[in-house]
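Structure first, commentary second.
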Amino acid sequence: MTSATIRRQAALDALARVVAGERAEDVESDLVDFKEEAGTIAPGGVRRAISPTCQPAAEALAIEVACFANSRAGGVLVVGVEDPAAGLPALRGTYLDLAWLRERIWSLTSPRYTVDIEEVIERGQRLYFIDIPPAIEEIRSGNKLRMRRGKSCEEVSGDDARRLLEERRGFDWTAQPSRIHLSSADPDAFRVARRFYAERRGEPPASDRELATRMGILLDDSDDPELNRAGALLLASFEPGVNQIQMLVTDAEGSPSRQHILGGAPILKMLDQVFSVLEDVAFPVQPKIVGLTRRELRAVPQPAFREALVNAVMHRDYQLERLLIVALATGSPSHAFKVRSPGGFPATVTADRLLATGSRPRNEALARALRVIAVAEREGVGINTMYRSMLRDGHRAPEIVEDAGDVVVRLAGGTPNITLRAFFDEMEGRDENLGQNAVATIAISHLLVATPIRPEHLALLAQRTPGEAFDTLTALERVRIVERLLDRSRSFRLTRESRERLGTQVRYRRSSADEHWQLVRAYLDTNPDISRDETATLLGVAPLRATKILGQLRRNGRLVYVGPTRGRAVRYRGT
């Protein structure tokens, strides 16, 4: 949940970024959306005024309101701003009567939904904010149910609609009664649970009942308490005719398997079997000397494949009981791992915001039980763990997509990169927090192939705010992993020491034109504009050459004139 104050500040901050020169569509988030009133753009792209009581404009805004109302945090529509534009030209103004619009939104939503609309005058243009708190129940407009997915508003139906309504109503299938009692739990499943607990947390509780209590899976205090469905799935023979997990080790997808596991609850026993096959058969330990330390590396890192599988168990839709989790290790020897989990992303979660979105398990009771026994990572860090462990061994980032109603996670591994792993280990030695920071890992991985990196670009790569990205880059700067291109600029590159340690891992190649632009842009971070003579000094070239470079940057749309367009007084600023 977010308060109206937080939502309003997010809208003000987003609007300020647009006015400062960022494109509106780049600034939009899951909390702020820029809109123009429908009807203000006539055929042919000509802009025109509309009536203060234009019905189509109100209908279009009511749809966007319903979408935000069906999200966890709500949001703000900033109306009167052109999506693809940047700076002052993006401010287009508005025409609707706000008291009338507020009443129309109330009338066009079902059940009736009340919003707060605030007029905002920005640089002489009349805009308005529509503040939309999250609704207690689902809101429809135009007799359709829609929801916010990242930056878009999408109609939902079928299983997507069911999942949205269950989430809105706080329904958790795994928290419901199972009709199975503690006495029916599988002793071997409890032994697995106690071992998982001991491996990560130390001595487990003295009794199985105490462990079950900590896991939150007991529904009463009787001598033989009933398990909720989370407990029954993990520890008992729940729905014995239903398979829950299939695991295959094969040379290629579709080829005959070298190893095959198929089974149902108790899921903890299944997980134990699958982990053993993955660790001993599919991705066995490859002892390597990293720096001066012996490391037990694998073709796919253990934290990554464990988290991919546990994530599937935590988030799958168990009401789709004819489907099951399918895990596949491929290659000879195995070098890739793929998990397909029934049910799409939870409502309001999208693939392009997984790193930034806090953990929102569809099955809260099941997720809590898995965390207690340390099978699952602590809340909110599982996806980050996959990214960090894959990238630090030199592999590609995890691929996580929604496909035909399922969530698919693919980890493409291979031979671990010893040089890169040693570099990341040394970084963790300098700052333990950076070693656990997926954003830092993403920044360094990017700097191997392209330089410099700016907070705005890292924010896109790591799904963070520019401020969070900047904080990570300055933390890397403090431990001499990166440095600024120019003093106080917002462009960062690997230090010479880092480049020397990484050697051939640094693979970027830059043209002289790109190098010139990066230096000019870094200069403009701390100066309002730049002249020919300043450019000549900055780049170490003759004044005539500096004039040609600035002219090319202007023609490429990166610079614009400030003041005179001829003579030595010509100055340039960034677009």
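Among the residues of the stretch 398-433, the one identified as at pLDDT below 90, touching a Gly at 6+ places or on another chain (Cβ under 7 Å) and not in a strand (DSSP E or B) is GLY405.
In the stretch 17-32, the residue that is surrounded by the fewest Cβ atoms within 10 Å (Cβ to Cβ) out of those that are of a type in the set (Asp, Glu) and assigned to a loop (DSSP other than H, G, I, E, B) is GLU22. Residue count for the stretch 275-300, restricted to those that are touching a Phe, Trp or Tyr at 6+ places or on another chain (Cβ under 8 Å) and not aromatic (Phe, Trp, Tyr): 5.
Scanning the stretch 275-286 for any residue that is small (Gly, Ala, Ser), within 30 Å of the chain's Cα centre (by Cα) and within 18 Å of ARG388 (Cβ to Cβ) turns up nothing.
Only one of the numbered conditions (1) surrounded by 14 or more Cβ atoms within 10 Å (Cβ to Cβ); (2) part of a helix (DSSP H, G or I) is not met by LEU486, and that is (2). The residues listed here are VAL274, VAL313, VAL300, VAL326; of these, the one that is in a loop (DSSP other than H, G, I, E, B) and in contact (Cβ under 8 Å) with a residue 24 or more places away in the chain is VAL300.
This table checks each residue for (1) at pLDDT 95 or above; (2) buried (at least 21 other Cβ atoms within 10 Å of the Cβ); (3) touching a Pro at 6+ places or on another chain (Cβ under 9 Å).
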position: PHE34; (1), (2), (3): yes, yes, no
position: GLY45; (1), (2), (3): no, no, no
position: PHE68; (1), (2), (3): no, yes, yes
position: ALA73; (1), (2), (3): no, no, yes
position: ASP83; (1), (2), (3): no, no, no
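Here LEU98 clears all of (1) in contact with a strand residue (DSSP E or B) (Cβ under 8 Å, 6 or more places away or on another chain); (2) modelled with pLDDT under 90; (3) surrounded by 16 or more Cβ atoms within 10 Å (Cβ to Cβ) except the condition numbered (2). The condition (being more than 32 Å from the chain's Cα centre (by Cα) and aliphatic (A, V, I, L, M)) is satisfied by just one residue among ALA90, ALA99: ALA99.
Of the residues that sit in the stretch 515-565 and are assigned to a loop (DSSP other than H, G, I, E, B) and within 20 Å of ASP487 (Cβ to Cβ), which one is nearest to the chain's Cα centre (by Cα)?
The first filter runs over the stretch 515-565 and keeps only residues assigned to a loop (DSSP other than H, G, I, E, B), leaving 525-529, 540-542, 556-558, 563-565.
Of the ones still in play, those that are also within 20 Å of ASP487 (Cβ to Cβ) are 525-529, 540.
Details: ASP525: 28, THR526: 31, ASN527: 34, PRO528: 34, ASP529: 35, GLY540: 42 Å.
Checking each candidate, the answer is ASP525.
Among the criteria (1) part of a loop (DSSP other than H, G, I, E, B); (2) surrounded by 13 or more Cβ atoms within 10 Å (Cβ to Cβ); (3) within 31 Å of the chain's Cα centre (by Cα), the one ARG509 does not fulfil is (2).
Do we have THR109 as in the same structural domain as VAL32 (by TED's automatic domain parsing), free of Cβ contacts under 8 Å to residues at least 40 places away in the same chain, surrounded by fewer than 23 Cβ atoms within 10 Å (Cβ to Cβ) and in contact with a helix residue (DSSP H, G or I) (Cβ under 8 Å, 6 or more places away or on another chain) here? The answer is no for THR109.
What do you reckon, is GLU239 out of contact with any strand residue (DSSP E or B) (no Cβ under 9 Å at 6 or more places or on another chain), of a type outside the set (A, V, I, L, M, F, W, C) and either in a helix (DSSP H, G or I) or surrounded by 13 or more Cβ atoms within 10 Å (Cβ to Cβ) (or both)?
Numbers: out of contact with any strand residue (DSSP E or B) (no Cβ under 9 Å at 6 or more places or on another chain): yes; of a type outside the set (A, V, I, L, M, F, W, C): yes; either in a helix (DSSP H, G or I) or surrounded by 13 or more Cβ atoms within 10 Å (Cβ to Cβ) (or both): yes.
So GLU239 fits the description; yes.
Could you check, for the stretch 264-275, whether at least one of its residues is closer than 17 Å to SER332 by Cα, assigned by TED's automatic domain parsing to the domain that holds ARG322 and hydrophobic (A, V, I, L, M, F, W, C)? So far as the stretch 264-275 goes, no, none of its residues is closer than 17 Å to SER332 by Cα, assigned by TED's automatic domain parsing to the domain that holds ARG322 and hydrophobic (A, V, I, L, M, F, W, C). Here LEU391 meets each of (1) in contact with a strand residue (DSSP E or B) (Cβ under 7 Å, 6 or more places away or on another chain); (2) more than 22 Å from PHE345 (Cα to Cα); (3) in a helix (DSSP H, G or I) with one exception, condition (1).
Of the strands (runs of 3 or more DSSP E) lying entirely inside the stretch 132-230, none contains at least 1 residues that are closer than 30 Å to GLN9 by Cα and modelled with pLDDT of 95 or more.
Can you tell me which residue is surrounded by the fewest Cβ atoms within 10 Å (Cβ to Cβ) among those in the stretch 436-452 that are more than 19 Å from the chain's Cα centre (by Cα) and either of a type outside the set (Val, Ile, Thr) or at pLDDT 95 or above (or both)?
Residues of the stretch 436-452 that are more than 19 Å from the chain's Cα centre (by Cα), as a first pass: 447-452.
Now drop any that are not either of a type outside the set (Val, Ile, Thr) or at pLDDT 95 or above (or both), which leaves 447-448, 450, 452.
Numbers: LEU447: 23, LEU448: 18, ALA450: 13, PRO452: 25.
It comes out as ALA450.
If you go through the stretch 535-549 one residue at a time, do you hit one that is in contact with a strand residue (DSSP E or B) (Cβ under 8 Å, 6 or more places away or on another chain), without any contact (Cβ under 8 Å) to a residue 60 or more places away in the chain and over 21 Å from ILE442 (Cα atoms)? Checking the stretch 535-549: at least one residue is in contact with a strand residue (DSSP E or B) (Cβ under 8 Å, 6 or more places away or on another chain), without any contact (Cβ under 8 Å) to a residue 60 or more places away in the chain and over 21 Å from ILE442 (Cα atoms). Within the stretch 281-295, the set of residues being loosely packed, with under 11 Cβ neighbours inside 10 Å and of a type outside the set (S, T, N, Q) comprises PRO287, ILE289, LEU292, ARG294.
Would a scan of the stretch 47-56 turn up a residue that is more than 27 Å from the chain's Cα centre (by Cα), over 25 Å from VAL156 (Cα atoms) and without any contact (Cβ under 8 Å) to a residue 40 or more places away in the chain?
Going through the stretch 47-56, the residues more than 27 Å from the chain's Cα centre (by Cα) turn out to be 47-56.
From what is left, the residues that are over 25 Å from VAL156 (Cα atoms) are 47-54.
Okay, now just the ones that are also without any contact (Cβ under 8 Å) to a residue 40 or more places away in the chain, so 48.
Within the stretch 47-56 (the criterion being more than 27 Å from the chain's Cα centre (by Cα), over 25 Å from VAL156 (Cα atoms) and without any contact (Cβ under 8 Å) to a residue 40 or more places away in the chain), the answer is yes, since at least one residue qualifies.
The condition (being out of contact with any helix residue (DSSP H, G or I) (no Cβ under 8 Å at 6 or more places or on another chain), surrounded by fewer than 21 Cβ atoms within 10 Å (Cβ to Cβ) and either within 18 Å of MET247 (Cα to Cα) or hydrophobic (A, V, I, L, M, F, W, C) (or both)) is satisfied by just one residue among LEU355, LEU324: LEU324. Taking first residues from the stretch 470-488 that are farther than 23 Å from PRO528 by Cα and partners that are in a loop (DSSP other than H, G, I, E, B) and among the β-branched types (Val, Ile, Thr), the Cβ contacts under 9 Å between residues at least 6 apart in sequence or on separate chains come to ALA475/ILE481; GLU477/THR495; ARG480/THR495; ILE481/THR495; VAL482/THR495. Considering the conditions (1) within 30 Å of the chain's Cα centre (by Cα); (2) modelled with pLDDT of 90 or more, ILE105 is excluded by exactly one of them, (1). What about LEU127, is it within 25 Å of the chain's Cα centre (by Cα) and either outside any helix (DSSP H, G or I) or hydrophobic (A, V, I, L, M, F, W, C) (or both)? For LEU127, the condition - within 25 Å of the chain's Cα centre (by Cα) and either outside any helix (DSSP H, G or I) or hydrophobic (A, V, I, L, M, F, W, C) (or both) - is not met.
The values are calculated or read from the model by the stated rules, or taken from the named source; none is laboratory data. Model, not experiment: these values are computed from the prediction. Positions of Cβ are generated from backbone atoms using ideal geometry, with glycine treated the same way; all protein chains shown enter the neighbour counts.
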